[in-house]
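The values are calculated or read from the model by the stated rules, or taken from the named source; none is laboratory data. Computed from a prediction, not measured in an experiment: that's the story for all the values here. Here Cβ is always computed from backbone atoms with ideal geometry, including for glycine, and neighbour counts include all displayed protein chains. Note: areas computed on protein heavy atoms with side chains; ligands, DNA, RNA excluded. Shrake-Rupley method; radii C 1.70, N 1.55, O 1.52, S 1.80 Å.
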Amino acid sequence: MTIERRKSERVVDFFPLEIHALHLVSHKVIAGPFSGRIIDISDHGACLLMTQVLVNGFHIFHTTRNTDGVAIGLGFTNISADDSLVFTAHPVWLKPFQQQEVRAFRMGVQFTAEVRLDHIHEVQEALGADQEQRASWWKLHCKT
């Protein structure tokens with residue numbers, strides 16, 4: 001039996017975003033971009049579908065998890081009034097994903113304290129416009 005540990009409701013989606021490794025203080029890009037999609041998002045974190053986790057010797061999960069002062073930056077472009085929001089997050093878990101011939105990784109991330117709840121809600125609201133169409137495609141093609 002699986003015990004539900006989520007702090008808040010997750011909204012299923014399939015939204016593309018750009019992912020980088022960042023210094024937490026300066027937000028300077030250390031590695032990336034990595035290609036990925038949010039497959040669900042909540043007030044506390046998200047689940048990402050990553051087609052790659054290793055770029056030029058930098059592993060987005062292990063290196064950010066094991067290096068102090070480094071986080072994952074999730075870039076939402078053209079989604080908010082400021083034209084671009086970057087949420088910082090820490091990786092929590094990583095699992096392989098395989099659906100027929102598609103091989104990728106699912107990665108759970110927890111937002112850092114600096115990510116404001118109003119920004120999370122702004123992104124969730126902006127995603128809402130086409131969310132049902134993207135989510136239904138994901139639910140149809142994913143058997144997890």
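Tabulated data
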| read-out | value |
| --- | --- |
| Hey, VAL102 buried (at least 16 other Cβ atoms within 10 Å of the Cβ) and more than 21 Å from ALA113 (Cα to Cα) or not | no |
| Matching residues, segment 43-77, being open to solvent by 20 Å² or more (accessible area, probe 1.4 Å) and in contact with a Pro (Cβ under 7 Å, 6 or more places away or on another chain) | ARG65 |
| Residue match in segment 27-42 (condition: in contact (Cβ under 8 Å) with a residue 24 or more places away in the chain, open to solvent by less than 50 Å² (accessible area, probe 1.4 Å), outside any strand (DSSP E or B) and not hydrophobic (A, V, I, L, M, F, W, C)) | yes |
| Selection count, segment 32-91, where residues are in contact with a strand residue (DSSP E or B) (Cβ under 8 Å, 6 or more places away or on another chain), of a type in the set (S, T, N, Q) and farther than 14 Å from GLY108 by Cβ | 9 |
| Residues satisfying the stated conditions in segment 96-124, i.e. under 26 Å from LEU24 (Cα atoms), without any contact (Cβ under 8 Å) to a residue 12 or more places away in the chain, outside any helix (DSSP H, G or I) and not aliphatic (A, V, I, L, M) | ARG116 |
